[in-house]
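A short worksheet on the structure shown next.
What follows draws every value from the coordinates through simple rules; no lab data is involved. Remember, predicted model here, so these are calculated numbers, not experimental data.
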Amino acid sequence: MAKEFPVPQVVFPSSDGNLNVRPRIHQSSPAFKPPRPDIPAPSNPNIPFVSFDVGAAQASSSFSASVFAASASGGGSISSSGSFEDEPPLLEELGINTRQIWRKTVSILNPIRLKPDLHEDADLAGPFIFLMAFGLFQLLAGKFHFGIILGWVTVAAAFLYVVFNMLEGRNGNLDLYRCLSLVGYGMLPMVILSATSLFVTHDGPAIFAIAAVFVLWSTRVCTGLLVELASGGDGHRSLIAYACWLVYMLFSLLIVF
């Protein structure tokens, strides 16, 4: 509650010599207010627009600095146009030759006339595509076999690698990378069999006859490529063919059952 203080009367002289007496006014003391600091007003309130794209400015400055340093060290001029046009495609940098993969695929589709010279440069991009297609067709049939397919191909390649080098002894020059590539390309008939099995009933003997044809196809392709690309395999062609037949027979059973 505010405390009242007595205020004396105030007398003001008038122009005619009389004294005007101002009545006493009882006022309550105002409530306490904390002092506010004096904030100076901005000298120029109209601030112009400033861009705050600091990253672009730093990137441009660093790029210009690197170009200047490269030109100063090399002593030559650097052309700003065509910096990305001279770079090779991404697939070529990764070692994936799509034309070569297509030629190998077409050559395997004709099992009578093989072209081993196309498979001298081994790669795993084509076999990986075939294995993923194989797993996709199996998935459409209600079987999730991606891990089984990749694992079996790896074990099959190691098996053929050991068998071939044991048969040839010191004369065998088959490496594991090339063997894995050839086994993967030999899986193309198995991919076609997996797609065909979606439209054939698995109850009758028709699926077994079709599977036998595709197994012989894969066996001939893989055996021919192994014998032609690895030296010294002509004398043991039948044994190598038997090992390849066992490998692709397992994959056919995976499709049929």
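Which whole-Hz ³J(HN,Hα) couplings does segment 245-253 yield from phi under the Karplus relation 6.51 cos²θ - 1.76 cosθ + 1.60, θ = phi - 60°, glycine and proline marked x?
Calculated HN-Hα couplings, in order: 5, 4, 5, 7, 5, 5, 5, 5, 5 Hz.
What are the ³J(HN,Hα) values, in whole Hz, obtained from phi via the Karplus relation 6.51 cos²θ - 1.76 cosθ + 1.60 with θ = phi - 60°, for each residue of segment 174-179 in sequence order, with x given for Gly and Pro?
Whole-Hz 3J(HN,Hα) from phi for segment 174-179: 8, 9, 5, 5, 5, 5.
Taking θ = phi - 60°, what integer Hz values does the Karplus form 6.51 cos²θ - 1.76 cosθ + 1.60 yield along segment 212-217, in sequence order, with x for Gly and Pro?
5, 5, 6, 5, 5, 4
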